[in-house]
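Single-structure report; data block below.
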Amino acid sequence: MARKITFQQAVNEALAQEMERDETVVLMGEDIAGGTGGEGEMDAWGGPLGITKGLYSKFGDRVMDTPISESAFVGAAVGAATAGLRPVVELMFIDFMGVCFDQMFNQAAKFRYMFGGKAETPVVVRTMFGAGLRAAAQHSQCLYPVFTHIPGLKVVVPATPYDVKGLLIQSIRDNDPVIFCEHKMLYTLEGEVPEEPYTIPFGEANITREGGDVTIVTLGRMVHIANEAATNLAKDGIECEVIDLRTTSPMDQDSILESVESTGRLVVLDEATPRCNIATDISALVCQEAFDALKAPIRMVTAPHVPVPFNDTLEDLYIPDAAKVETAVRAVMEHRQ
Amino acid sequence: MQLSKDDLLKAYRIMRTVREFEERLHVEFATGDIPGFVHLYAGEEASAAGVCMHLTLKDKIASTHRGHGHSIAKGCDVHAMMAEIFGKASGLCGGKGGSMHIADLDKGMMGANGIVGAGSPLACGAALAAKRLGNGGVAVAFVGDGGSNQGTTFESLNLASVWNLPCVFVVENNGYAEATSSKWSIACDDVADRANGFGMPGVVVDGHDFFAVHEAAGEAIKRARNGEGPSMIEVKFTRYYGHFEGDAQTYRAADEIKTLRGTKDCLDIFAEKVTAAALVEQAELAAIDEEAKALIDDATAQARAAPNPGAAELLTDVYISY
């Protein structure tokens, strides 16, 4: 039965249900319980935002605090995944990939191919990303394009409480390494979520709004910005089709191409910085596969090519908003062939 | 620990097989028929054999660039290994891994590794899995003197102690990280000195002496199996060849290798000890020498004759294609 819970509660529930179902699922990360070794409360934090709060109380030492040693514990999660566990390891902020990237892209991503198909590495790296929390340049980036570039990794970027639960359960049950990217501004978002466990397959985009004039392809927090823009544009009679990718690897190319074949116009909205991001990738795909369908040049709405600023006015300017999306949509609508 | 005669013969067979494998690769690589790089383990055999003699299938090892010896000692198929190094379809990884990525998870061999220091966190993970699953297994991280300076190794030593993991770190100090002397690149006298700082025992052993390695490894592995936590063993010895094949080794003293081969060879020392103590006959060792040579002859011939992977293999063993 569905009821309204937050994105954050949906993550916690997915983890709890999978840990109940499968004893080999273990969690590790910095302060995911909090309090280990101290004289005060155990399970004091549940991660810095309380996402995993309560899981230690339910599952005891299957929820493991770690030293601040991302290379060691992300690598340990990868090693444990080849040896019979299904670790879900929390990389507190995606920006911290800089100190453990080898374990993800040279180790986990490569084993299956490099060992001739004989290795499975069922590890999930849950990580928080995105701007909006005034967390500045080293805690706010959208680095999913970096992981999407690497063959052997699956990359998930959920947008809603319903999706985050279903996609996280799918990730834990998957036998390949998954980078699971949670936008920090979505944790308090509420939505209908079934109580029982369910999965959402990778590589199936979600069309959040149908429309015949312009296709907007997006992901993560930007899905909500796209929907807001589409609602505003509809008042002027412009009907947008909004595609939430859900996963960038694998990517649902068919849904993108079918929509562009129908609308003939494309705006790609991506919070990542503009070079070699998801927006450029999709633009290239559409140019190659559906060029003849296009009635106007593709427009990309992204962050500017700068680090994320701290100041709130500057950060708000940095993040793509509905107004920028509306401008892009109007531009493609007004283009004359 | 007293070794049975069967164990002595097994240890000698492992070391001789590794030596024969590596000496053959040295010759074969010079023909130009082996693609890529190979990093030979000749001279270091007592370490792989001395450690892996204590391990069973449920135990895991994470290896290094110089992984052929560890693989053979852990039970990987020698024919499939040779075919892999030639890049053939019959190779242990279907020709997709090569020398630096030889692995056989079914044998508990988690892979040679192209990234220096990357094995330590993986071994921690395998040790964690053994502990959680309660299967009595241990994990061994083989680390070179180069890898001993990587942050991954420092972090892993700490994590292994903090989590009390059944993990043993075997630091194989062959004197050179690529072309740089470990006497210069390691800031303390012995890598084993660092173990204490991570809350675990650390010992230095003479890596030319199988029995010294075997005894130290036995203690460390027993400690790990008993839930008493991780240990470090620093094995000091030398390598007979360069960092990789083709390395002219001008950074070494002119007669260094010749002297060590003549006075410190682990196979010679082993043979001398066991025959002097009348534990094994010289003829029994000679028979193993012949068998190892025949095995490597056959493995090399089969690897050379084996087909390359088909073009379709390019796109298999990865979950997605665009």
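Could you check the range A:1-116 for strands (runs of 3 or more DSSP E) lying wholly inside it with 1 or more residues that are closer than 30 Å to A:ALA272 by Cβ?
Per the criteria, A:2-6, A:25-29, A:86-93.
Restricting attention to the range B:33-52, does a residue exist that is more than 25 Å from B:ALA127 (Cβ to Cβ), among the acidic types (Asp, Glu) and not in a helix (DSSP H, G or I)? Yes, the range B:33-52 contains at least one residue that is more than 25 Å from B:ALA127 (Cβ to Cβ), among the acidic types (Asp, Glu) and not in a helix (DSSP H, G or I). Screening A:ALA331, A:ALA279 for residues that are under 15 Å from A:CYS142 (Cβ atoms) and in a helix (DSSP H, G or I) leaves exactly one candidate, A:ALA279.
Out of B:MET81, B:MET1, B:MET110, I need the residue that is in contact with a helix residue (DSSP H, G or I) (Cβ under 9 Å, 6 or more places away or on another chain), at pLDDT below 95 and over 22 Å from B:ALA286 (Cβ atoms). Which one?
After applying the criteria, what remains is B:MET1.
What are the pairs with Cβ atoms under 7 angstrom where one residue, in the range A:244-263, is under 11 Å from A:GLU289 (Cβ atoms) and the other, located anywhere, is among the small types (Gly, Ala, Ser) and in a helix (DSSP H, G or I)? Sequence gap at least six, or different chains. From residues that are under 11 Å from A:GLU289 (Cβ atoms), the pairs are A:VAL260/A:ALA293; A:GLU261/A:ALA293. Among the residues of the range B:133-162, those identified as surrounded by fewer than 24 Cβ atoms within 10 Å (Cβ to Cβ), within 8 Å of chain A (Cβ to nearest Cβ) and closer than 21 Å to A:CYS100 by Cβ are B:GLY151, B:ASN158, B:VAL162. The residues of the range B:81-105 that are within 10 Å of chain A (Cβ to nearest Cβ) and either among the small types (Gly, Ala, Ser) or within 16 Å of the chain's Cα centre (by Cα) (or both), listed by number, are B:ALA89, B:GLY91, B:GLY94, B:GLY95, B:GLY97, B:GLY98, B:MET100, B:HIS101, B:ILE102, B:ALA103, B:ASP104, B:LEU105. For the range A:132-181, enumerate the residues that are away from chain B (no Cβ under 13 Å), out of contact with any Cys (no Cβ under 9 Å at 6 or more places or on another chain) and assigned to a loop (DSSP other than H, G, I, E, B). Hits for the range A:132-181 are A:GLY132, A:LEU133, A:ARG134, A:ALA135, A:ALA136, A:ALA137, A:GLN138, A:HIS139, A:SER140, A:GLN141, A:ALA159, A:THR160. The requirement of being surrounded by fewer than 20 Cβ atoms within 10 Å (Cβ to Cβ) and either part of a loop (DSSP other than H, G, I, E, B) or β-branched (Val, Ile, Thr) (or both) is satisfied by A:GLY212. Scanning the range A:294-328 for residues that are in contact (Cβ under 8 Å) with a residue 40 or more places away in the chain, part of a loop (DSSP other than H, G, I, E, B) and in contact with a helix residue (DSSP H, G or I) (Cβ under 7 Å, 6 or more places away or on another chain) yields A:ALA296, A:ALA303, A:VAL308, A:PRO309, A:PRO320, A:ASP321. Scanning the range A:111-131 for residues that are more than 8 Å from every other protein chain (Cβ to nearest Cβ) and closer than 23 Å to B:ALA62 by Cβ yields A:GLU120, A:THR121, A:PRO122, A:VAL123, A:VAL124, A:VAL125.
Any chance the range B:14-28 includes a residue that's crowded, with 24+ Cβ neighbours inside 10 Å, among the acidic types (Asp, Glu), in contact (Cβ under 8 Å) with a residue 40 or more places away in the chain and assigned to a loop (DSSP other than H, G, I, E, B)? No - not one qualifying residue is present in the range B:14-28.
If you take the residues in the range B:249-278 that are in contact with a helix residue (DSSP H, G or I) (Cβ under 6 Å, 6 or more places away or on another chain) and over 19 Å from B:GLY69 (Cβ atoms), which one is surrounded by the most Cβ atoms within 10 Å (Cβ to Cβ)? Filtering the range B:249-278 for residues that are in contact with a helix residue (DSSP H, G or I) (Cβ under 6 Å, 6 or more places away or on another chain) and over 19 Å from B:GLY69 (Cβ atoms), the one surrounded by the most Cβ atoms within 10 Å (Cβ to Cβ) comes out as B:VAL274. Note on the range B:205-217: residues that are in a loop (DSSP other than H, G, I, E, B) and of a type in the set (Gly, Ala, Ser) amount to 1. Taking the range A:70-108 as the range and being more than 8 Å from chain B (Cβ to nearest Cβ), of a type in the set (A, V, I, L, M) and closer than 17 Å to B:ALA126 by Cα as the test, the residues that pass are A:VAL88, A:VAL89, A:MET104, A:ALA108.
Test A:ALA272 against the criterion of being crowded, with 24+ Cβ neighbours inside 10 Å, part of a loop (DSSP other than H, G, I, E, B), on the phi < 0 side of the Ramachandran plot and in contact (Cβ under 8 Å) with a residue 24 or more places away in the chain, and give yes or no.
Criteria met by A:ALA272.
Taking the range A:244-283 as the range and being of a type in the set (Val, Ile, Thr), under 16 Å from the mean Cα position of the chain (by Cα) and closer than 22 Å to A:TYR162 by Cα as the test, the residues that pass are A:THR247, A:THR248.
Pairing residues of the range A:190-217 that are farther than 21 Å from A:ASP270 by Cβ with residues that are at pLDDT below 95 and part of a loop (DSSP other than H, G, I, E, B), at Cβ distances under 9 Å and at least 6 apart in sequence or on separate chains, gives A:PRO194/A:MET1; A:GLU195/A:MET1; A:GLU196/A:MET1.
Scanning the range B:114-132 for residues that are over 20 Å from A:VAL26 (Cα atoms) and surrounded by fewer than 24 Cβ atoms within 10 Å (Cβ to Cβ) gives B:GLY114, B:ILE115, B:VAL116. Within the range A:33-69, the set of residues being within 14 Å of chain B (Cβ to nearest Cβ) and either of a type in the set (Lys, Arg) or within 23 Å of A:TYR187 (Cβ to Cβ) (or both) comprises A:ALA33, A:PHE59, A:ARG62, A:VAL63, A:MET64, A:ASP65, A:THR66, A:ILE68.
Looking at A:PHE115, A:PHE101, A:PHE105, A:PHE93, just one residue is buried (at least 23 other Cβ atoms within 10 Å of the Cβ) and either in contact with a Gly (Cβ under 6 Å, 6 or more places away or on another chain) or not acidic (Asp, Glu) (or both), and that residue is A:PHE115.
No other residue among B:ALA212, B:ALA127, B:ALA187, B:ALA179 is in contact (Cβ under 8 Å) with a residue 60 or more places away in the chain and farther than 30 Å from B:ASP268 by Cα apart from B:ALA127. When the range B:298-322 is limited to residues that are without any contact (Cβ under 8 Å) to a residue 24 or more places away in the chain and more than 14 Å from chain A (Cβ to nearest Cβ), the one that is farthest from B:SER90 (Cα to Cα) turns out to be B:ALA311. Within the range B:98-113, being hydrophobic (A, V, I, L, M, F, W, C) and either surrounded by fewer than 24 Cβ atoms within 10 Å (Cβ to Cβ) or touching a Leu at 6+ places or on another chain (Cβ under 8 Å) (or both) holds for B:MET100, B:ILE102, B:ALA103, B:LEU105, B:MET110.
The values are calculated or read from the model by the stated rules, or taken from the named source; none is laboratory data. None of these values were measured; they are calculated from a predicted model. When we count neighbours, we look across all protein chains shown, and the Cβ atoms used for this are built from the backbone with ideal geometry, even at glycine.
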